[in-house]
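Have a look at the structure below, then the notes.
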Amino acid sequence: MKKVILLTHIEDLDGIGAAAILKRFYDQKNEYYYFYYYSYYNTFIDLICKAIIKDFHLLYITDIGFNNSFLSFFQGKHEIFKTLNYQKIKRKFKRIHYLDHHLIDERDKKFMKSILKDFHHKINNICASEIVNRYLNRKFGWKDEVSIKIAKLANEIDQNKSTTMSDRLHRVVVANQENLWNLYKITNLLSKGKFENPWIYKQHEKRLKLEEMELDRVLKNLKEFETEGYKIIVSYSEIFTTGAIIKYLYNNLKADIYLSINKNQVSIRSHTLNVRNIALKFGGGGHKYRSGFYYENVMTSQGELNPKFIREFDQIIKKYKDDL
């Protein structure tokens with residue numbers, strides 16, 4: 001059987017939805033074996049290094065974004081190519097489909113299109129699940145009501161216009177960040193169109209109770225600082241994903257910039273400022289008004305923001321204020 005590998009974003013319904021649509025498509029093709037990795041953007045390089053050395057027919061990358069470390073990998077500058085032949089691995093790039101909706105510079109996009117089988121990229125009010133569904137429709141005439149529904153639900157979350165069903169599914173995805181088997185289960189249920197499965201309802205109920213307790217703690221421990229006249233609100237939680245809590249802050253509190261931290265993962269968001277340009281300076285990326293990055297030891301052992309991080313953040317704001 002031909003192996004199809006997927007690398008997708010782990011943190012929200014969109015990445016899992018993209019996995020479910022591709023699974024549904026390939027489950028109907030008996031000659032394919034479908035395997036997937038769930039990734040944070042900062043673990044992408046580690047995972048693609050594992051995936052690229054495997055024998056595969058096709059490799060899909062969805063909803064994972066793009067930054068300079070990704071570019072360096074595809075240019076052959078990663079340390080893995082000290083032991084692997086870049087020209088040999090590069091031939092495998094022609095089996096890669098990169099389907100994404102995060103911002104990428106035009107020069108980098110042109111390079112990626114030149115070395116991959118397909119680099120399909122849209123950014124205007126469209127989520128990765130919808131891009132995947134449209135791609136399959138365009139390439140293979142794929143017209144499937146379940147896949148259309150998955151893409152619709154994912155887009156509701158991505159555009160901050162959630163409904164009862166999309167919110168429920170998203171919370172269940174968030175609740176299982178550390179449980180890969182449950183993420184496989186969610187992907188499988190979605191791929192079969194089982195959006196209101198009893199197991200999903202039970203997971204959702206447990207999540208709501210946990211979030212209620214955690215939200216009170218998070219709000220009591222919010223931190224604020226100011227730089228260049230910008231008010232920054234910062235939250236920390238190891239239960240909420242950064243995307244989940246920052247959405248709450250964004251919708252309910254007034255600030256110029258919102259930072260949400262889970263361990264070393266940082267989400268950054270603003271109503272008016274191009275925070276992607278801040279994230280890029282920390283080696284991250286994303287969308288114009290909502291992005292993310294990884295920062296080792298961003299919080300001290302005493303639960304305070306690392307002074308080094310605050311200094312670096314302040315310096316970036318001062319230096320690149322005109323680009324925000």
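Derivation of every value follows stated rules applied to the coordinates shown; laboratory data play no part. As the structure is a computational prediction, the values presented were derived from the model and not from experiment. Note: ideal-geometry Cβ built from the backbone for every residue, glycine included; neighbour counts use all protein chains shown.
Annotations
- Part-to-part distance (alpha-carbon centres) for the range 171-249 and the range 291-324, which is given in Å: 23 Å
- Across the options TYR135, TYR36, TYR294, the greatest Cα extent toward the positive end of the charge dipole of the chain (unit charges at beta carbon of Lys, Arg, Asp, Glu) belongs to TYR135.
- Antiparallel DSSP beta bridges within the chain, percent to nearest 5: 40 percent
- Ordered by the number of other Cβ atoms lying within 10 Å of each residue's own Cβ, fewest first, MET299, MET1 fall into the sequence MET1, MET299.
- With both labels modelled 7 Å from their Cα along Cα-to-Cβ, the ASP314 to LYS94 distance reads 5.4 nm.
- Mean sequence separation of contacting Cα pairs (under 8 Å, at least six apart), scaled by the length of the chain, corresponds to a relative contact order of 14 percent.
- Pairs exceeding a 31 Å alpha-carbon distance, out of LYS110/LYS223; LYS109/LYS161; LYS209/LYS288; LYS90/LYS152; LYS143/LYS185; LYS29/LYS161: LYS110/LYS223; LYS209/LYS288; LYS90/LYS152; LYS29/LYS161.
- Contour minus Cα-Cα distance for LYS194 and GLN75 (0.36 nm per residue): 38.7 nm
- Size of the chain as Cα extents on the principal axes (Å, biggest first): 57, 49, 34
- Between GLU304 and ASP322, the contour length at 0.36 nm per residue exceeds the Cα-Cα span by 3.6 nm.
- Straight Cα distances below 15 angstrom link LYS206 to the aspartates and glutamates ASP167, GLU214, with same-chain residues fewer than 8 positions distant left out.
- Dipole of the range 221-323 computed with +1 at Lys/Arg Cβ and -1 at Asp/Glu Cβ about the Cα centre; of ILE317, GLY303, LEU222, farthest Cα towards the positive end is ILE317.
- Using C-alpha pairs under 8 Å with a sequence gap of at least 6, the mean separation divided by the residue count of the range 1-123 gives a relative contact order of 26 percent.
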